[in-house]
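The values are calculated or read from the model by the stated rules, or taken from the named source; none is laboratory data. Worth saying up front: this structure is predicted, and the values here are computed from it rather than measured. Backbone-built Cβ (ideal geometry, glycine too); neighbour counts: all protein chains shown.
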Amino acid sequence: MFKFIAAAALALVTTLAAAATDINKAGQAELEAVKGIGPGMAQRMLDARKTGPFADWADLRTRVKGVGESKAQKFSENGLTVNGKAYTASAPAVYKAPKAKPEKGEKGEKKGDKLAS
C-alpha cells in the first residue's frame, strides 16, 4: 500500500512539474520551478511584468534582460509559456549586403579627375 501511495505522489509531482507555467500568472516560486530560471531571472521577470503583462515571447525577450532566443527556447521546453503559448523561433534576419564603395571612375570623383574626351 505504501508503494502505491508513494508512486501516486511521485506521478502527481512529476505531472505538476511538467505542467505549463504562464509567465503572466506565475509567482516567484512558480517561475523558479521552471528549469533554468533562478531567483535573479525570476525577479527580473516579475519586475518587468509590473509595467503590464507580456504580450508575447518577443515582448518578454525585449523587456527582460538575459532572455535571448536560446534561453527563450530552453524556458519554453521546460514548461514556460506566454499567454499559454510555447516559444517558436522568430524568422531569421534577412541579410542585407553592405553598399559597395564607388570605384575610381564612378560617382564621387572630383571635377578635375576626369580625363578629357
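Just one of the numbered conditions (1) surrounded by fewer than 17 Cβ atoms within 10 Å (Cβ to Cβ); (2) more than 15 Å from the chain's Cα centre (by Cα); (3) among the hydrophobic types (A, V, I, L, M, F, W, C); (4) in a loop (DSSP other than H, G, I, E, B) is not true of A55; which one?
Among (1) surrounded by fewer than 17 Cβ atoms within 10 Å (Cβ to Cβ); (2) more than 15 Å from the chain's Cα centre (by Cα); (3) among the hydrophobic types (A, V, I, L, M, F, W, C); (4) in a loop (DSSP other than H, G, I, E, B), A55 violates only (2).
Return the total of residues in region 58-75 being touching a helix residue (DSSP H, G or I) at 6+ places or on another chain (Cβ under 8 Å) and either in a helix (DSSP H, G or I) or farther than 19 Å from Q28 by Cβ (or both).
Just the residues of region 58-75 that are touching a helix residue (DSSP H, G or I) at 6+ places or on another chain (Cβ under 8 Å), to begin with: 60-61, 63-69, 72.
Right, trim to either in a helix (DSSP H, G or I) or farther than 19 Å from Q28 by Cβ (or both) and you get 60-61, 63, 68-69, 72.
The number of residues fulfilling the criteria is 6.
I'd like to check something: does region 60-76 contain any residue that is surrounded by 10 or more Cβ atoms within 10 Å (Cβ to Cβ) and modelled with pLDDT under 70?
no
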